[in-house]
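Everything below concerns the one structure shown next.
The values are calculated or read from the model by the stated rules, or taken from the named source; none is laboratory data. Please read these numbers as outputs of a predicted model, since none were measured by experiment. Cβ placement follows ideal geometry from the backbone for every residue including glycine, while neighbour counts extend to all protein chains displayed. With ligands, DNA and RNA removed, areas are computed over all heavy atoms of the protein, side chains included. Shrake-Rupley method; radii C 1.70, N 1.55, O 1.52, S 1.80 Å.
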Amino acid sequence: MNDLLLQLQAADTEADQLRHRRARVPERDALADAERARAEWVSAGDAMRARIEQLTEEIATEEQESATLDQQRARLAGQLRTVIAPREAEALQHQIALLDERRSQLDDRELAALEEQSEIDDRLTEHAGREAAIVAAVDEARSALDAVEASIDADIAVATERAESLRGQLPEQLLVRYDRLRGLHGGVAIAKLVGNRCDGCHLDLSAAEAEAVRHTPAGDLADCPQCGRMLVP
Ligand SMILES: [Zn+2]
């Protein structure tokens with residue numbers, strides 16, 4: 001019976017270790033990295049498209065303002081043709097010069113906006129060219145994770161099946177004690193006495209305690225006086 005219990009512990013420990021490994025496979029980090037790279041790629045594209053849209057709005061506003069300036073200038077130019085007083089003409093010319101200056105500034109800004117748009121367009125083309133590789137990297141990382149998880153899951157299933165079959169051969173009361181101790185001691189319910197030492201808690205028993213464990217009647221199980229695990233010689 002002790003041997004069955006030790007085998008059960010071995011199967012449960014193996015399944016625990018596999019679950020622990022499954023939770024920490026590097027393939028999961030690799031997938032997270034690939035997904036992060038894709039998210040960064042998406043937001044870089046979004047930012048560039050948003051900037052192009054913003055520039056389009058700026059250009060429309062500048063063109064509207066330019067059209068207004070052109071109308072004002074045409075009106076002033078018309079007035080200039082009809083005035084006779086030199087001072088009045090001078091004032092009109094000054095106003096026209098101010099409008100021309102403003103118009104030239106608007107043209108410069110519009111040109112700069114168009115240049116920036118064209119530069120972003122080039123970057124967007126390059127950005128789109130990277131899509132296939134970025135998507136493929138995510139797919140590959142996901143496949144790699146799926147594969148390693150499936151392989152570990154198969155091993156977990158084998159260990160679990162072995163544990164279930166062993167449980168079927170052990171009395172219910174002992175299993176209750178075993179499960180309670182496993183919950184209390186990080187999954188390890190049963191330890192072996194190695195010399196005078198419990199290999200569960202790695203503490204020494206007194207010579208008398210160790211002797212008592214060694215002479216536990218058949219069908220009975222001793223407890224480690226230090227950690228409380230079931231202790232077998
Ligand atoms: Zn112990």
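Full-extension gain between Gln105 and Ala85, please, as 0.36 nm times their residue separation minus the C-alpha to C-alpha distance.
That works out to 4.1 nm of additional length.
Taking the Cα centre of the chain as origin, work out the dipole magnitude from +1 charges on Lys and Arg Cβ and -1 charges on Asp and Glu Cβ, in debye rounded to 20. Before the final figure, lay out each step's value.
Details: 28 positive and 47 negative charges, 220 e Å.
The calculation lands at about 1060 debye.
Percent antiparallel among DSSP beta bridges with both residues in the range 172-232, to the nearest 5? Provide the component values of the computation, followed by the final result.
Working: 5 of 8 bridges.
Bridges in the range 172-232 that DSSP calls antiparallel: roughly 60 percent.
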Legend entry - Per residue, in Å², the accessible surface of the range 73-211 once ligands and nucleic acids are set aside, probe 1.4 Å: 63 Å²
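If you count only protein heavy atoms with a 1.4 Å probe, what accessible area per residue comes out for the range 1-57, rounded to a whole Å²?
Numbers: 3470 Å² over 57 residues.
Here the per-residue accessible area is 61 Å².
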Legend entry - Accessible surface of the chain, 1.4 Å probe, proportion on carbon and sulfur as whole %: 53 percent
Inset, instruction - Could you calculate the FRET efficiency of Gln169 with Leu124 from 1/(1 + (r/R0)^6), where r is the beta carbon distance between them and R0 is 41 Å, rounded to 0.05? - result: 0.05
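Specify whether the C-alpha gyration tensor of the range 172-232 places it in the rounded, prolate or oblate class, a ≥ b ≥ c being the square roots of the eigenvalues: rounded for a/c under 1.5, otherwise prolate if a/b is larger than b/c and oblate if not.
Details: a/c = 2.66, a/b = 1.34, b/c = 1.99.
Because a/c hits 1.5 or more and a/b fails to exceed b/c, the range 172-232 counts as oblate.
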Inset, instruction - Step through the residues of the range 55-64 one at a time and calculate ³J(HN,Hα) from phi using the Karplus curve (6.51 cos²θ - 1.76 cosθ + 1.60, θ = phi - 60°), rounding each to whole Hz and writing x for Gly and Pro. - result: 5, 4, 5, 4, 4, 4, 5, 5, 5, 5
Legend entry - Rounded accessible area of Val194 (nearest 10 Å², 1.4 Å probe): 90 Å²
Legend entry - Area accessible to solvent at Ser43, 1.4 Å probe radius, in Å²: 60 Å²
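For the range 18-159, what is Rg from Cα atoms divided by 2.2 N^0.38 Å, rounded to two decimals? Before the final figure, lay out each step's value.
On the way: Rg = 30.7 Å, N = 142, 2.2 N^0.38 = 14.5 Å.
That ratio works out to 2.12.
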Legend entry - C-alpha center-to-center spacing [the range 111-144, the range 190-232] in angstrom: 66 Å
Legend entry - Per-residue SASA entry for Arg162, accessible area with 1.4 Å probe, Å² rounded to 10: 100 Å²
Legend entry - Length gained when the stretch Ala157-Ala112 is fully extended (0.36 nm per residue, less Cα-Cα span): 9.7 nm
